[in-house]
Each structure stands twice: as C-alpha cells, then as structure tokens.
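Bear in mind these aren't lab numbers, they're just calculated from the coordinates by the rules spelled out. Keep in mind that what you see is a predicted model, and the values were worked out from it rather than measured. Here the Cβ is made from the backbone with ideal geometry for all residues, glycine too, and neighbour counts use every protein chain on show.
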Amino acid sequence: MQTKRLLIVEDDYDVAEMLLMYFTSHQYEVMHADRGSAGIELARRRFPNLILLDVMLPHMNGYEVCYHLRQTSLTRHIPVIFLTQRDGRADIVEGLQLGADDYISKPFDVDELRLRVQRSIERATSESLHERRTGLPAGPMVEEEIDNAVASGASFQQIHFAIDNFKVFNDKYGFMASDQVMAFASRSIRECVLTMGTTNDFIGLLDNEFVVLTHLDDAEPLIEAIVNEFGQGVRAFYTYTDAEQGGILLDEGTQYETLVPLMNLQPLSSATSA
C-alpha cells in the first residue's frame, strides 16, 4: 500500500500538531507549512496527494494560496480541502469557485475530516485523474493539459519517458518494489523540472509513460539531467549482487543465461509545438 502524502497549511500550531500526529498515526506522510508561500513551495517540491488549507492565514490567505496553486501546471490538479471558521454560503462558494474540492468548518471532527481526505484521494484515483503510485496527473488530466498547451499557442516540447527493463525487475522483486521505483522516477523527473524547467512546465503519466511538457527553448539538458538523476539512484533498488553485476541474470547457469541491464529512464519521443 502506497503512503499518501498530505500537506497541511495551517498557522495554528496546536491544530497543525494535532493533525500531524493524527494523520501520521494513520500511515500518511505529513508535511506542514505555517505560511501560504511556504505551502506553495512545498506543494511544488513534494507533490502531495492532497492539501489541507486553512483560509485565515497571515500575509497570504487560503483563497490566494489556492489561486496560485491552480495557476501553476505542477500543482493545478492537487485536491484541496479548505479548513476555516467561516461557514457562510458566500465563503464556501468562493472556495469552490477557486477549485477547492471540499470545505470543512472549524471546529471539526477529525475522523470525519480523515474520511473526507480519504474519499477525495480515492475519487481522484478511481476517476483516473491521479496515478496511484506516483500521485501524478494521469489519463484525462494529461490529455487536457496537452490540449491547453496547444490552444495557448505558446511554444512547448512534449517529452515521453519509459523505464527500460522494468518488467524484469518487477518479476524478480515484486510489485511493492516496482511501485517504489515508479515513485522514485516521478521524484527524479519532478526535481529536475523544478530545478531546470519553467514555472509552466507539467509532469503527468499516460499509458505508463511519464510525460513532460516544457516551455524551455532547449530541452536537451533537461532530458539528460532526468536520465542521469534516475540512473544514479536506481541502483539502490537492487540487491548488492545485482547492482554490482550491472543487472539481473536470467536462466543463470544455462546456455540461455542473459544479463538484463539495470533499469534506465529512456526518452521515447519528443515533439515540439509552436
């Protein structure tokens, strides 16, 4: 079972600590930010499965934070649940118009909140909006993002990546280890895009291929960095013996003995649209 990543953006430390301890005890990986700007940065870098967002934040309120999240391709599709002491219809409508997925008023029942978080994440996954292993936008969301990029008229490059020799790894190490590799590939791509890409770049998963839409004039350095980042870290998922020999031996000791190399992230295709 994949650990779900939850981002809490809340300036009340008592509430934040209570939520952190509660959701951690329910096997969530929990991150916390006490300011809106810090929450936006954590959302971009850690890509949570869901954000619990307090409305009454200092300097930048929750509505402004949600607006910024929805304006950036990397965070546009992350589900958001507002936490607030406001319960007026106008406040609820404002939050939903900004793209929030749910709205819960303080004081709240923490078990009810957990169920709402769980259902929001499950809904995004079951509707093929987010990919289970990586949390990345998937299927319809990727296609919509591509259509939006084309419709904008801006120049961008669409790059697809696949993990070579993934099936052989899965056959030997099992689906749990394979899920960890997929999550690692997602992190590798995301870190490179955040470091080298533009604020409008996008990452998704379509038919088991990672899709990067970048607005860089020259994407080759980014592609090279992604391939290298994955290649340097993937050895950690193998046993010492397999890593040292450079792959997995099939039919060992027979005339059909074959060494299947370590996995690598292979750019399959690249297309430019102006």
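Quick one: Karplus J couplings for segment 219-225, per residue in order, coefficients 6.51, -1.76, 1.60, θ = phi - 60°, nearest Hz, x for Gly and Pro?
8, 4, x, 5, 4, 4, 5
Can you tell me the relative contact order of the chain? Whole percent, Cα pairs under 8 Å, sequence separation 6 or more. Walk me through the numbers before you get to the answer.
Details: 447 pairs, mean separation 43.9, N = 274.
Relative CO of the chain lands at 16 percent.
Just how many % of Cα pairs in the chain lie over 27 Å apart, if you round to the nearest whole percent?
45 percent
Given H placed on each backbone N at 1.01 Å, which residues far from H130 in sequence or on other chains put an amide H within less than 5 Å of it?
Under 5 Å from the amide H of H130 lie the amide H atoms of T125, A138, each far enough along the sequence or on another chain.
Which value in Å does the Kirkwood hydrodynamic radius of segment 1-152 take, with 1/r averaged over all unlike C-alpha pairs and then inverted?
15.6 Å
Gaussian network model of the chain, Cα springs within a sub-10 Å range: biggest mean-square fluctuation belongs to which of Y63, Y173, Y103?
Y173
Run the Debye formula on the Cα coordinates of segment 152-274, all scatterers equal and no solvent, and tell me log10 I(q)/I(0) at q = 0.14, 0.15, 0.17, 0.20 1/Å.
Scattering profile of segment 152-274, log10 relative to I(0): -0.63, -0.70, -0.84, -1.06.
Using only the alpha carbons, work out the radius of gyration and Dmax of segment 134-192 in angstrom.
14.7, 46
Find the relative contact order for segment 89-183 and round it to a whole percent, using C-alpha pairs within less than 8 Å whose residues are 6+ positions apart. Don't jump to the answer; show the numbers that get you there.
Details: 33 pairs, mean separation 16.2, N = 95.
Taking the mean separation of contacting Cα pairs over the length of segment 89-183, I get 17 percent.
Taking the chain as a Gaussian network, where each spring joins two C-alpha atoms under 10 Å apart, which residue of G247, G95, G153 fluctuates the most?
Maximum fluctuation in the GNM of the chain, among the listed residues, is at G153.
Once phi is turned into θ = phi - 60°, what whole-Hz ³J(HN,Hα) does the Karplus curve with 6.51, -1.76 and 1.60 give for every residue of segment 172-182, x standing for Gly and Pro?
Result, ordered by residue: 8, 9, x, 6, 5, 5, 5, 4, 5, 5, 4 Hz.
If you find the alpha carbon centre of segment 150-189 and of segment 1-47, how far apart are they in angstrom?
Between the Cα centres of segment 150-189 and segment 1-47 lies a distance of 25 Å.
For the chain, the longest stretch holding no GluC sites (Glu not before Pro) located in a DSSP loop with at most 16 other Cβ atoms within 10 Å is which?
That would be 1-126.
Let me have the relative contact order for segment 141-272, percent, based on Cα pairs under 8 Å that are six or more residues apart. Please list the in-between numbers first.
On the way: 175 pairs, mean separation 48.9, N = 132.
Computed value for segment 141-272: 37 percent relative contact order.
Testing the spin-label approximation: label points 7 Å from Cα along Cα→Cβ at S155 and D171. State their distance in nm.
Rounded to a tenth, the inter-label distance reads 4.5 nm.
Starting at the first residue of segment 252-264, write each ³J(HN,Hα) from the Karplus equation 6.51 cos²θ - 1.76 cosθ + 1.60 with θ = phi - 60°, in whole Hz, x for Gly and Pro.
4, x, 10, 5, 9, 4, 9, 9, 8, x, 4, 4, 9
Output the direction-averaged projected area (hull surface divided by four) of the convex hull of the alpha-carbon atoms of segment 1-62, in nm².
Seen from a random direction, the Cα hull of segment 1-62 projects 3.8 nm² on average.
What fraction of the DSSP beta bridges in segment 42-113 is antiparallel, stated in percent and rounded to the nearest 5?
0 percent
Quick check: residue separation of L115 and M18 times 0.36 nm, minus the Cα distance between them. What number comes out in nm?
Using 0.36 nm per residue and subtracting the Cα-Cα distance, I get 33.3 nm.
Over the chain, what is the percentage of antiparallel beta bridges among all DSSP beta bridges, to the nearest 5?
55 percent
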